[in-house]
Amino acid sequence: MFFPLSKLIFFVLTPSNFLILLGLLGCLLLFTEAGRGIGRVLTVASFVGLLFGGLSPLSAWTLAPLENRFPSFIDDGTPVTGIVVLGGTVEADTSIGRDQITVNEAGERAIALADLARRYPQARLVFSGGAGSTREDAVSEAEIVSRYADTLGVPRNRLILEQQSRNTHENAVFSARMVQPKPGERWLLVTSAWHMPRSMGCFRKAGFDVTAYPVDYRTNWPRDAYRLASFASDGLGELDIGVKEWIGMIAYRLTGYTDAVMPAP
């Protein structure tokens, strides 16, 4: 039940959706005599929230603490046993429909997979990404990566594909189960910088000792601390990501998927 319930909760609490639903409720109340006053308040609050959330630096302030939590990876010469790249980068349905690999805003994860495969030719490569959908016929991201491994420049025979996970908790548990990491091995975990704290918490909880390799930064801190967005859609999109991630970290802590709301380096 956790997976479908989380989808519903995230849909409602995502700032842009929440503000639109709030405005819709306010508009409906305007047509009732008893609720006309509160309807005006909700409608105005909705538009002000969309304006502020979309154009102000609020999204940067929401994302920056997440992105800055784990530092960028520096190769100190320690041998790398393996690399785990989390899904969330491939648009599976579009890839199938257009007969070519299609990535979203988190495409840096796929780029990192190709780059690290070249830099560490002896390392084991794990791509962890199921369908992440409630549809039974959905194709996994890992399947798409396997089909288009040549496009990425990654030898298909090096890929270890984890195709069952639907969320970060399952990424960690299923990946650990597949590769059986040993003490003293160095494994790199590749995911978006804003997603790294929750991911590290999940892998630690699963007993999988990994080193953070953050990519897909959305903020240029501290320059973005006081910059206004050029388009409200951009600001709202980043705010949605940040708020959903904070909610996810709290939910994962409450369900025991991590041992801390904000895991530390």
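The values are calculated or read from the model by the stated rules, or taken from the named source; none is laboratory data. Here the structure is a predicted model, which means the values were calculated and not measured. Backbone-built Cβ (ideal geometry, glycine too); neighbour counts: all protein chains shown. Accessible surface areas use protein heavy atoms only, side chains included; no ligands, DNA or RNA. Shrake-Rupley method; radii C 1.70, N 1.55, O 1.52, S 1.80 Å.
Yes or no: PRO197 assigned to a helix (DSSP H, G or I) and modelled with pLDDT of 95 or more? Yes. Total residues in the stretch 183-199 satisfying the condition of being touching a residue at least 24 places away in the same chain (Cβ under 8 Å) and open to solvent by 10 Å² or more (accessible area, probe 1.4 Å): the figure is 6. Of the residues that make up the stretch 154-174, is at least one within 27 Å of PRO71 (Cβ to Cβ), open to solvent by less than 10 Å² (accessible area, probe 1.4 Å), in contact with an Asp or Glu (Cβ under 8 Å, 6 or more places away or on another chain) and not charged (D, E, K, R)? Among the residues of the stretch 154-174, not one is within 27 Å of PRO71 (Cβ to Cβ), open to solvent by less than 10 Å² (accessible area, probe 1.4 Å), in contact with an Asp or Glu (Cβ under 8 Å, 6 or more places away or on another chain) and not charged (D, E, K, R), which makes the answer no. Selection of the stretch 121-174 for residues being acidic (Asp, Glu) and out of contact with any helix residue (DSSP H, G or I) (no Cβ under 8 Å at 6 or more places or on another chain) yields GLU136, ASP137, GLU170.
Only one of LEU22, LEU51 is over 30 Å from ALA212 (Cα atoms), open to solvent by 70 Å² or more (accessible area, probe 1.4 Å) and at pLDDT 95 or above; which?
Numbers: LEU22 fails: open to solvent by 70 Å² or more (accessible area, probe 1.4 Å).
After ruling out the rest, the residue left standing is LEU51.
Would you check if PHE70 is in contact with a Pro (Cβ under 7 Å, 6 or more places away or on another chain), closer than 25 Å to VAL173 by Cβ and not polar (S, T, N, Q)?
Numbers: in contact with a Pro (Cβ under 7 Å, 6 or more places away or on another chain): yes; closer than 25 Å to VAL173 by Cβ: yes; not polar (S, T, N, Q): yes.
Answer is yes for this residue.
Of all the numbered requirements in (1) assigned to a helix (DSSP H, G or I); (2) under 20 Å from MET200 (Cβ atoms); (3) not small (Gly, Ala, Ser), VAL85 misses one, and that requirement is (1). Filtered by the rule that a residue be of a type outside the set (Ser, Thr, Tyr), more than 30 Å from PHE47 (Cβ to Cβ) and open to solvent by 30 Å² or more (accessible area, probe 1.4 Å), the stretch 200-232 gives ARG204, LYS205, ALA206, GLY207, ASP209.
Residues in the stretch 102-157 that are part of a strand (DSSP E or B) and of a type in the set (Val, Ile, Thr) were compared, and the one that is farthest from the chain's Cα centre (by Cα) is VAL126.
Okay, residues lined up against (1) touching a helix residue (DSSP H, G or I) at 6+ places or on another chain (Cβ under 9 Å); (2) part of a helix (DSSP H, G or I); (3) charged (D, E, K, R):
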site	(1), (2), (3)
ARG177	no, yes, yes
LYS182	no, no, yes
TYR217	yes, no, no
GLY237	yes, yes, no
ILE241	yes, yes, no
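Within the set ALA92, ALA131, the sole residue that is open to solvent by 30 Å² or more (accessible area, probe 1.4 Å) and not β-branched (Val, Ile, Thr) turns out to be ALA131.
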